[in-house]
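J.: What follows is a single structure, and I will ask about it in a moment.
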Amino acid sequence: MNMASTPTIPTTGANNAPPGPWREFWGAFSANRGAVIGLVTIAVLLLVALFAPWIAPHAPNETNSAVFLQPLAWQQGGSVSYLLGTDAIGRDILSRLMYGARLSLSIGVAVVALSVVAGVVLGLIAGFFRGLLEIAIMRLMDIVLTLPSLLLAIVIVAILGPGLVNAMLAVAIVVLPHYVRITRAAVIAEVSRDYVTAARVSGAGTLRLMFSEVLPNCAAPLIVQASLGISTAILDAAALGFLVLGAQPPSPEWGTMLADAREFVLRAWVVTFPGLAIVAAVLAFNLLGDGLRDALDPKLKR
């Protein structure tokens, strides 16, 4: 007796479901080893900066007249109390590096936050209100871009006066044109799309179109530029600190530490570790920016 076979209906399991946006993003991001290394380095720096008061062996400005220019702990004359040695007035270099991470990262984040807010507003205005207003904004940004960034920052600080806040403002002005140009280009590409036309027909005002409809779709290039901009801000702030135009002594900012140690270049440990900290932070944010670009740009996803 022949039994009629019933067709098997395929079932869709959870494993066959398409990956969510976060999973897709992380898959593209984690494929870039350099980006993962940069993310881990940034996480370590943030933890060090956050817990510096508890993990630093000494206060950043604590001096000890008995240990001027003490070498590394594993060198002759070194001490385990000062693992990375001391500077010219007996301050612990390791402790100052830890507190310097807090200061330098705060400078980078604050500068980028300020320049992103101002750049997005100016870019949205230039993208929506074409004509003389757009020309005025973009020509002003072009003038800023024609000047060497560090030289322009030095001129601004020289006008405003040396200090940490003025240095942050100067660096924010220097990096501002990048965010204005990126926002304007993204806005011009988005305003011609159907969803913007539909929102305009439905009665959406200009502010709603700018901030609720268009801006969220311009976020990807801004996020990438912001991660790269933090590294630029840290580097420029360190350069101003080295020139004694940014953070002022005895602040444990990495550029200021280099300025304090320039008379003792032959004592390698005094200048090496602040320089390595700057290199590590800048490289980490650059690698993170490359990974974000690969993950957020559909054309670059593997």
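J.: Read phi for every residue in the stretch 190-205 and hand back ³J(HN,Hα) as whole Hz from Karplus 6.51 cos²θ - 1.76 cosθ + 1.60, θ = phi - 60°, with x for Gly and Pro.
T.: Rounded to whole hertz, the list is 8, 5, 8, 7, 5, 5, 5, 4, 5, 5, 5, 5, 6, x, 5, x.
J.: Percent relative contact order of the chain, based on C-alpha pairs within less than 8 angstrom and at least six residues apart?
T.: 24 percent
J.: Something else about it: Pop the C-beta distance of W54 and L151 into the FRET formula with R0 = 30 Å and round what comes out to the nearest 0.05.
T.: 0.15
J.: Can you show me the helix-derived [θ] at 222 nm for the chain, built from DSSP H runs with n ≥ 4 at -39,500 (n - 2.57) apiece and divided by the number of residues, rounded to the nearest 500.
T.: Computed ellipticity for the chain at 222 nm equals -21500 deg cm²/dmol.
J.: Sorted by average packing, counted as other Cβ atoms within 10 angstrom per residue and highest first, what order do 243-256, 117-130 take?
T.: Highest-to-lowest ranking by the protection proxy: 243-256, 117-130.
J.: Over all directions, the average projected area of the alpha-carbon convex hull for the stretch 40-296 comes to how many nm²?
T.: Computed as one quarter of the Cα hull surface, the answer is 16.2 nm².
J.: What distance in nm separates the simple spin-label points at V36 and Q75, each placed 7 Å from Cα in the Cβ direction?
T.: Output for this residue pair reads 3.6 nm.
J.: Still on this structure: Report the one residue of V244, V44, L151 whose Cα lies farthest in the direction of the positive end of the charge dipole of the stretch 40-296 (charges on C-beta: Lys and Arg +1, Asp and Glu -1; origin at the Cα centre).
T.: With unit charges placed on the Cβ atoms, the residue in question is L151.
J.: Could I ask something else about it? Report the extension gain between L283 and R23 in nm, rounded to one decimal, defined as 0.36 nm multiplied by the number of residues separating them, less their alpha carbon distance.
T.: 91.0 nm
J.: Quote the FRET efficiency, to the nearest 0.05, computed for L133 versus N64 with a Förster distance R0 of 51 Å and r equal to the Cβ-Cβ distance.
T.: Once the sixth-power term is evaluated, E becomes 0.30.
Any read-out appearing in this document is the output of simple, stated calculations on the displayed coordinates, not a laboratory observation. Because the structure is a prediction, the values reported are computed rather than measured. Positions of Cβ are backbone-derived with ideal geometry, glycine not excepted, and every protein chain shown enters the neighbour counts.
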